[in-house]
1. One residue is enough: does region 33-54 have a residue meeting the conditions part of a helix (DSSP H, G or I), under 30 Å from residue 230 (Cβ atoms) and basic (Lys, Arg)?
2. Can you tell me how many residues in region 69-90 are at negative phi and modelled with pLDDT of 95 or more?
3. What number of residues in region 425-445 are in contact (Cβ under 8 Å) with a residue 12 or more places away in the chain and either of a type in the set (Gly, Ala, Ser) or open to solvent by 20 Å² or more (accessible area, probe 1.4 Å) (or both)?
4. Does residue 170 qualify as being among the hydrophobic types (A, V, I, L, M, F, W, C), open to solvent by 30 Å² or more (accessible area, probe 1.4 Å), modelled with pLDDT of 80 or more and within 20 Å of the chain's Cα centre (by Cα)?
5. Could you grab the pairs with beta carbons closer than 9 Å, sequence gap of 6+ or different chains, first residue in region 31-48 and in contact (Cβ under 8 Å) with a residue 40 or more places away in the chain and aromatic (Phe, Trp, Tyr), second one open to solvent by 10 Å² or more (accessible area, probe 1.4 Å) and in a helix (DSSP H, G or I)?
6. Filtering region 148-163 down to residues that are of a type in the set (Val, Ile, Thr) and buried (at least 19 other Cβ atoms within 10 Å of the Cβ), which residue is farthest from the chain's Cα centre (by Cα)?
7. Could you list, in sequence order, all residues of region 267-317 that are within 21 Å of residue 252 (Cα to Cα), among the polar types (S, T, N, Q) and open to solvent by less than 50 Å² (accessible area, probe 1.4 Å)?
8. Need at least 2 residues that are within 18 Å of the chain's Cα centre (by Cα) per element, so show me which strands (runs of 3 or more DSSP E) inside region 316-397 make the cut, counting only ones lying wholly within it.
Amino acid sequence: MKLRSRLAITCAKGTSALIKKLNRGSGVTLPGYVARLIDPNILSVMASQIREKTIVTMGTNGKTTTNAILYKALKAEGKTVIINRTGANMLNGIISAFVLATDKHGQLNADYACIEVDEIASVGVLPQLKPDCALLTNISRDQLDRFGEVDITFDKLKTAVTSVPDTTLIINCDDILSYSLAETSGNPFVTYGISEQILMTSPALRSGKVFSAENAERNYSMISSIMEQLGIYHCPNCGWERPDPDFTATQITLKDELYAFDMGDLHLDSTVRTPYNIYNTLAAYTALHTMHAPMAHFKEMAESFDYGNNREEILMINGARVQLHLSKNPIGFQQKISLVLKDPKPKDIIIQINDTYQDGEDVSWLWDVDFQYLADSNAATITTCGTRKHDMGLRLKYEDIDCTSTDDMRSRVEELTENGTKNLYIIVNYSGLYRTNRMLKELAQNTKEQKGEQ
């Protein structure tokens, strides 16, 4: 290794240690910036030290969970794996994951790298990583102030993957844009998808447009809605359609709020609570199969995997069952609404919408969500809170759904857990997640202490 690269690694590690000593953060982003200042090619140097395969995961929904499944699966096989586990998925965070994992000689001891990559950052990251495999979960609207409309995300991802033409793509073919990107990229690709309907909402005939191989637009009809914005599609004009996936999940059943399903020769007992985590598991399974990675312990790993990933929580507070869920874009919110619909019991719902930089300052995506389903959710009360509580309230008003608003979520939670339906759903976007989680755990602990005193 060149002296410049060694110096970059040493300074990055020193920066991380100083940040932690001063209690100024986790030290997982700035070290990468420091390393890149000293050696602009440091990521390529680090990536070249991976002994077996580098797998990147991209897409609007499911990146963190899918990447974590890949990591856990490979660790279960005794492999050493580099991962940007904190979700630091921009260039500096990815560099930090590599340089901070080196030994005292600046060398990596790693069989695999499992790296989550932000879609916009992918253009700068993929040419340096030169991954063996790039997994794409889906492409849909997200933070509009960062990503703009979905065609911008599409173009960025296409530029990224075509810059590494030997990289094999793992594509969710139930997502029209992802499959269109794969077809036109020139990269080798493998598809995964689900042909069974897994939501309780009725299949809907939909019309829309999608990029074609000639960069024109196709009309298509969605002939079977597997999940909102995902499904089996067909163009009546040119015949272009969703292919039969190379890998699929079958025999999907729901029992006690958990899904069981089959993949290949594996049967996974009830493991996941949301339909999209079936996709996340299938995506990881497809990537590992395609890369000929060992998978002897995949079943045991998946059945013990924590799909909540600190983004889902179920707690008991004052005798009430309280569920916390993260939703930060239209597809994510639609999943949570579907989860609520599966529960026929009376319930209370709190929706918190913030507009920090982490959340995205443009919340117009709320109008892409089919909130009318909440009218049939058997909700006794719906409460909005957060900096954009009135935007959320207005969106519900347009569906003729009554709601109240509050500036004090804690008091509202206490009120509903004491006097409500005893079945409370709390849906928050990103900046409210960890604060709300801490608050709920504190209330749950207070409940335990009160019971102990009695």
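1. no
2. Looking only at that region, the number is 14.
3. Residues in region 425-445 being in contact (Cβ under 8 Å) with a residue 12 or more places away in the chain and either of a type in the set (Gly, Ala, Ser) or open to solvent by 20 Å² or more (accessible area, probe 1.4 Å) (or both): 7 in total.
4. no
5. Pairs found: 33/15; 33/91; 33/92.
6. In this case the residue turns out to be 161.
7. If the condition is that a residue be within 21 Å of residue 252 (Cα to Cα), among the polar types (S, T, N, Q) and open to solvent by less than 50 Å² (accessible area, probe 1.4 Å), then 271, 274, 277, 280, 281, 286 are the ones that fit.
8. 320-326
The values are calculated or read from the model by the stated rules, or taken from the named source; none is laboratory data. Because the structure is predicted, anything quoted here is derived from the model rather than measured. Cβ coordinates were reconstructed from backbone atoms using ideal geometry, including for glycine residues, and neighbour counts include every protein chain displayed. We work out accessible area using only protein heavy atoms, side chains counted, and drop any ligands, DNA or RNA first. Shrake-Rupley method; radii C 1.70, N 1.55, O 1.52, S 1.80 Å.
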